[in-house]
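Engineer: Provided herewith is a single structure, encoded as structure tokens, for subsequent inquiry.
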């Protein structure tokens, strides 16, 4: 039997942290989904307060639809990458690009259908879509950058 090296007894295990296995390559994506979802939820609540006060029920509908479109667009990409995390990089790339085109098509169809109706505020919808995408991307990026992972290089 070998005795433990006294020089390494105080070092933490590099494969395990307080919140799980840092060797799991999906951790940054899971953290991105979590922080992105929280960021979009906070934006939605603040937008509901602001646009609801400014434009009443039409503003509220614009915010809800805009947050669903913008937030869904951004968070769907993280979901697709997580689903394909155990496939080859080529398969992941094909699926991500294919679903990106599908998301664009869905957004265009939804906006074309919504154009016929007037129950929502156009400005609230547009501003919320843009802000949801920006906030979602920013918070996902922060989530990824702040995630501890094992790096071998």
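Nothing in this text is a laboratory measurement; each read-out follows from the coordinates by a stated rule. Since the structure is predicted, the reported quantities are computational estimates derived from the model, not experimental observations. Backbone-built Cβ (ideal geometry, glycine too); neighbour counts: all protein chains shown.
Engineer: Going highest first, how would you order 106-117, 46-57 by mean Cβ packing within 10 Å?
Structural biologist: 46-57, 106-117
Engineer: Report the residues of region 49-63 in range of a label on residue 42: point 7 Å along Cα→C-beta, backbone N strictly under 13 Å from it.
Structural biologist: Flagged as within label range: none.
Engineer: Would you please give the FRET efficiency between residue 91 and residue 126, computed as 1/(1 + (r/R0)^6) with r the Cβ-Cβ distance and R0 = 30 Å, to the nearest 0.05?
Structural biologist: So the FRET efficiency works out to roughly 0.30.
Engineer: Now, a different point. Would you please classify the overall shape of region 24-145 from the alpha carbon gyration tensor, given that a ≥ b ≥ c denote the square roots of the eigenvalues, rounded means a/c under 1.5, and beyond that prolate means a/b larger than b/c while oblate covers the rest?
Structural biologist: In terms of gyration-tensor shape, oblate.
Engineer: Just need the relative contact order of region 40-153 here, percent rounded to a whole number, with Cα pairs under 8 Å and 6+ apart. If you can, show how the numbers build up before the last one.
Structural biologist: Working: 94 pairs, mean separation 49.9, N = 114.
Relative CO of region 40-153 lands at 44 percent.
Engineer: Then there's this: From the Cα gyration tensor of region 78-147, with a ≥ b ≥ c the square roots of its eigenvalues, which class applies: rounded if a/c is under 1.5, or else prolate if a/b is larger than b/c, or else oblate?
Structural biologist: Oblate shape, in that a/c is at least 1.5 and b/c is the bigger or equal ratio.
Engineer: Something else now. Going by average Cβ neighbours within 10 Å, how do the peptides 92-105, 31-44 rank, with the highest at the top? Numbers along the way, then the final one.
Structural biologist: On the way: 92-105: 13.1, 31-44: 19.6.
My ranking of the peptides, most packed first, is 31-44, 92-105.
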